[in-house]
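The values are calculated or read from the model by the stated rules, or taken from the named source; none is laboratory data. Keep in mind that what you see is a predicted model, and the values were worked out from it rather than measured. Cβ placement follows ideal geometry from the backbone for every residue including glycine, while neighbour counts extend to all protein chains displayed. All accessible areas refer to the heavy atoms of the entire protein, side chains included, with ligands and DNA or RNA removed. Shrake-Rupley method; radii C 1.70, N 1.55, O 1.52, S 1.80 Å.
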Number of protein chains: 2
Amino acid sequence: MVTIRKNVAAMSGYVPGEQPRSGGWIKLNTNENVECSPAALEAIHSIDPAALRLYPDASSSALRNELARRFNAEPDQFVVGNGSDDILNLLIRVTCDPGDSVVYTVPSYSLYPVLSQIQGARNVEVPLADDFSLPVRKLCSTRGAVLFITNPNNPAGTWYPVEQIAEICESGQNLVVLDEAYADFSGEGCSQLVGKYPNVCVARSLSKAYGLAGLRVGYMFASKELAANVMKVKDSYNVSSATQIAAVAALGDEAWAAKSWADAARRRDRLSQRLSNELGLRVYPSRANFILVDFGNHSAVSTLDYLRERGILVRHFSDNPMVSNALRISIGSQAELDTLFDAIQAALKES
Amino acid sequence: MVTIRKNVAAMSGYVPGEQPRSGGWIKLNTNENVECSPAALEAIHSIDPAALRLYPDASSSALRNELARRFNAEPDQFVVGNGSDDILNLLIRVTCDPGDSVVYTVPSYSLYPVLSQIQGARNVEVPLADDFSLPVRKLCSTRGAVLFITNPNNPAGTWYPVEQIAEICESGQNLVVLDEAYADFSGEGCSQLVGKYPNVCVARSLSKAYGLAGLRVGYMFASKELAANVMKVKDSYNVSSATQIAAVAALGDEAWAAKSWADAARRRDRLSQRLSNELGLRVYPSRANFILVDFGNHSAVSTLDYLRERGILVRHFSDNPMVSNALRISIGSQAELDTLFDAIQAALKES
């Protein structure tokens, strides 16, 4: 038998949301967009054979140039990743020696502790307040090699204002990673802090905002110095040519993206109001393309099962009392959300 | 400023072969196939929008099933990577704590020491013999958390017989990684050792053999136990849906692949003979889709420059005296190789 590192042997690995391979599901469990970027699809459908045969551009130049233009910054402040998970992993590998601390709020993205464990680092959890607001003072005084803040938060979709984030950046943290995987849906972000604080890094994803979860593309925006170190550690050819080409096309179609985000926000707010007003459920204010619904006197787990039996997938997180009686629901199409609403209503009547 | 890990701050990163973004080059420097798999291209051109919008299958099930069929093994003995570089990196992360040894032969793939350095491991180099043959006894007695053997070797294309590899596997090594990125061109491989030794792992790539370098797909074949540990450490969605779909299609077109490999071998042997017989250059016997040419009394570097000025890219490795007066030449199309031959002939006349 091969001897495996102790921390790896002991861990169980990250469990991603269910991705059923068969069709027919109303899939509201992993926050995918209801459509993919049509420009990206067209780019893939007309891809040149040379893009398959030849190695990709190792530094994703065209994509970094496009990002630099959008953020009014320089291309070498960006690193493109094989999804933003790749970026989060690289940031830990660049800053954390075994035994160093990785700080993150709970509940939030459950990948952070897994990436930390792989690196042999120490997990430091800082609980959010009951209303999912940010414990700013506690975060300012907690030290680690890296601090992750998910904004908007996951699974509640809570938006943290830039002033709170700035206060944390000024508190002497080594590296503050702003995981803005869902920020496009919120209409704002904290990227303006990159020019102001050398210790801040914004991570974003095209998975949800551009409907490209299947193609794997995310990026980071930070100081040139940090970006240069991340470039050294990433796989040389970490992003396929097909993905680079599709991502450039997607970013170029700003009208489609703006409409997609505004429509999702509208459907989200409408569903939130109905669940709250008509069914009396607590829905946390969300700025993302999902909502967190607390089932109060009813059972979230029973509702989860009831929905599943009717072909509707939503997400339940059992590991934290703040969310253990809640369900996270992705903002699908209006027809999907109407079906979902009716099913939840029926489930509550039966319970 | 962000504090970076010392080993990362000190390193310079892997430098991949040049990938010019402009056209017009005869590109014989990074061993790409002369064509991409037509089945893969067709699959990409007709990809369903849902494959972009939805997350990929985290475990690349269809591809692992196809690999299991080909190798007459079980799907959970395989892990699919974002290129075989991803696999090599994961194998180090699974077995090497900081300070552990990573053993590899020199010259070979120059990524091994970089991956080792990122992990904070110790690089242990075992020199090949002057004719690129394997120092079997030395490798049997050198201990590390992982030992990499490139077969066929790179940059010479030397094939190491399975008996030599088996002897090394039996010598008490922790993990022996057989990096068979070019094995498809050789017509054989050492995958039969996987069932025999629990400490062996075969890594392969579809980059060259199937002309899919741009899509990033490789895989490992090993014991279920090792595969399960690598699965825990890989990015959950490390391989895009587009790449998974294309790879399954490529593996399904066995006739195209067999012809591609046989044709490359024929062109390789013909070029080797001409360089040797007509120009008196030493060409090492190669079983891969490239050859290493020693320029003897002539200058490899002058020839490299001469070829470059005429739009022909080949690869020079300066860091080892065994190869510092040699050039590695990828097996391009017959027309490209004819142009190359004439250019080398002219370069030698002028020198």
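Scanning the range B:73-101 for residues that are within 21 Å of A:C96 (Cα to Cα), of a type in the set (V, I, T) and in contact with a Lys or Arg (Cβ under 7 Å, 6 or more places away or on another chain) gives B:V94, B:T95. Answer with yes or no whether A:V200 is within 12 Å of A:I87 (Cα to Cα), within 11 Å of chain B (Cβ to nearest Cβ) and aliphatic (A, V, I, L, M). No.
Tell me, please, whether a residue that is in a loop (DSSP other than H, G, I, E, B), more than 22 Å from B:I4 (Cβ to Cβ), facing chain B (nearest Cβ under 10 Å) and more than 13 Å from the chain's Cα centre (by Cα) can be found in the range A:214-237.
yes
Restricting attention to the range B:238-256 and to residues that are in a helix (DSSP H, G or I) and not small (G, A, S), the residue that is most open to solvent (accessible area, probe 1.4 Å) turns out to be B:E254. Pairing residues of the range A:251-279 that are within 15 Å of A:E35 (Cα to Cα) with residues that are among the hydrophobic types (A, V, I, L, M, F, W, C) and open to solvent by 20 Å² or more (accessible area, probe 1.4 Å), at Cβ distances under 6 Å and at least 6 apart in sequence or on separate chains, gives A:D253/A:A39. Within the range B:19-44, restricting attention to residues that are at the interface with another protein chain (Cβ under 10 Å from one of its Cβ atoms) and of a type in the set (D, E, K, R), the residue that is surrounded by the fewest Cβ atoms within 10 Å (Cβ to Cβ) is B:R21.
Which of the residues belonging to the range B:53-82 are within 26 Å of A:A209 (Cα to Cα), in contact with a Phe, Trp or Tyr (Cβ under 9 Å, 6 or more places away or on another chain) and either without any contact (Cβ under 8 Å) to a residue 24 or more places away in the chain or within 7 Å of another protein chain (Cβ to nearest Cβ) (or both)?
Pass one, the range B:53-82, residues within 26 Å of A:A209 (Cα to Cα): B:53-60, B:81-82.
This time we only want the ones that are in contact with a Phe, Trp or Tyr (Cβ under 9 Å, 6 or more places away or on another chain), so: B:55-58, B:60, B:81-82.
Once the filter is applied, which keeps residues that are within 26 Å of A:A209 (Cα to Cα), in contact with a Phe, Trp or Tyr (Cβ under 9 Å, 6 or more places away or on another chain) and either without any contact (Cβ under 8 Å) to a residue 24 or more places away in the chain or within 7 Å of another protein chain (Cβ to nearest Cβ) (or both), the range B:53-82 yields B:Y55, B:P56, B:D57, B:A58, B:N82.
Scanning the range A:291-333 for residues that are within 24 Å of the chain's Cα centre (by Cα), over 26 Å from B:R53 (Cβ atoms) and of a type in the set (D, E, K, R) returns A:D294, A:D319.
Given the structure, is A:K259 open to solvent by 10 Å² or more (accessible area, probe 1.4 Å), among the charged types (D, E, K, R), more than 15 Å from the chain's Cα centre (by Cα) and within 29 Å of B:Q244 (Cβ to Cβ)? No; evaluated as a whole, the condition is false for this residue. Residues that are surrounded by fewer than 15 Cβ atoms within 10 Å (Cβ to Cβ), within 22 Å of the chain's Cα centre (by Cα) and not aliphatic (A, V, I, L, M) within the range A:1-18 comprise A:S12, A:E18, listed in sequence order.
Quick one: which of A:A222, A:A262, A:A227, A:A247 is out of contact with any strand residue (DSSP E or B) (no Cβ under 9 Å at 6 or more places or on another chain), at pLDDT 95 or above, over 16 Å from A:Q345 (Cα atoms) and not aromatic (F, W, Y)? Just a single option satisfies the conditions, and that option is A:A262. Of the residues making up the range A:179-187, one or more are farther than 30 Å from B:N82 by Cβ and either outside any loop (DSSP other than H, G, I, E, B) or open to solvent by 10 Å² or more (accessible area, probe 1.4 Å) (or both). Applying the condition of being in a helix (DSSP H, G or I) and of a type in the set (A, V, I, L, M, F, W, C) to the range B:65-84 and asking which residue is surrounded by the most Cβ atoms within 10 Å (Cβ to Cβ) yields B:L67.
Among the residues of the range B:318-351, those identified as open to solvent by 40 Å² or more (accessible area, probe 1.4 Å) and either on the phi > 0 side of the Ramachandran plot or touching a strand residue (DSSP E or B) at 6+ places or on another chain (Cβ under 7 Å) (or both) are B:N325, B:E336, B:T339. Every listed requirement among (1) charged (D, E, K, R); (2) without any contact (Cβ under 8 Å) to a residue 12 or more places away in the chain; (3) more than 10 Å from chain B (Cβ to nearest Cβ) is met by A:D48 save one, (3).
Report, by residue number, each residue of the range A:268-314 that is within 26 Å of A:S22 (Cβ to Cβ) and open to solvent by 20 Å² or more (accessible area, probe 1.4 Å). Passing the criteria: A:V301, A:S302, A:L304, A:D305, A:Y306, A:R308, A:E309, A:R310. With respect to the conditions (1) at pLDDT 95 or above; (2) within 18 Å of the chain's Cα centre (by Cα); (3) hydroxyl-bearing (S, T, Y), A:S101 falls short on a single one, namely (2). Selection over the range B:185-213 of residues that are of a type in the set (G, A, S) and without any contact (Cβ under 8 Å) to a residue 40 or more places away in the chain gives a count of 1. Where helices (runs of 4 or more DSSP H) fall entirely within the range B:1-62, those with at least 1 residues that are farther than 23 Å from B:L206 by Cβ and of a type in the set (S, T, N, Q) are at B:6-10. Which of the residues belonging to the range A:195-209 are open to solvent by 10 Å² or more (accessible area, probe 1.4 Å) and part of a loop (DSSP other than H, G, I, E, B)? Hits for the range A:195-209 are A:G195, A:K196, A:Y197, A:P198, A:N199, A:K208. Among the candidates B:A265, B:A228, the residue that is more than 17 Å from B:F185 (Cβ to Cβ) and either hydrophobic (A, V, I, L, M, F, W, C) or open to solvent by less than 40 Å² (accessible area, probe 1.4 Å) (or both) is uniquely B:A228. Looking at A:A68, A:A73, which is the one that is closer than 22 Å to A:V233 by Cβ and touching a Pro at 6+ places or on another chain (Cβ under 9 Å)? Among A:A68, A:A73, only A:A68 is closer than 22 Å to A:V233 by Cβ and touching a Pro at 6+ places or on another chain (Cβ under 9 Å).
Among the residues of this structure, B:F78 counts as one that is of a type in the set (F, W, Y) and touching a Leu at 6+ places or on another chain (Cβ under 6 Å). B:Q192 falls short on exactly one of the conditions (1) open to solvent by 10 Å² or more (accessible area, probe 1.4 Å); (2) closer than 14 Å to B:D85 by Cα; (3) in a helix (DSSP H, G or I), and that condition is (2).
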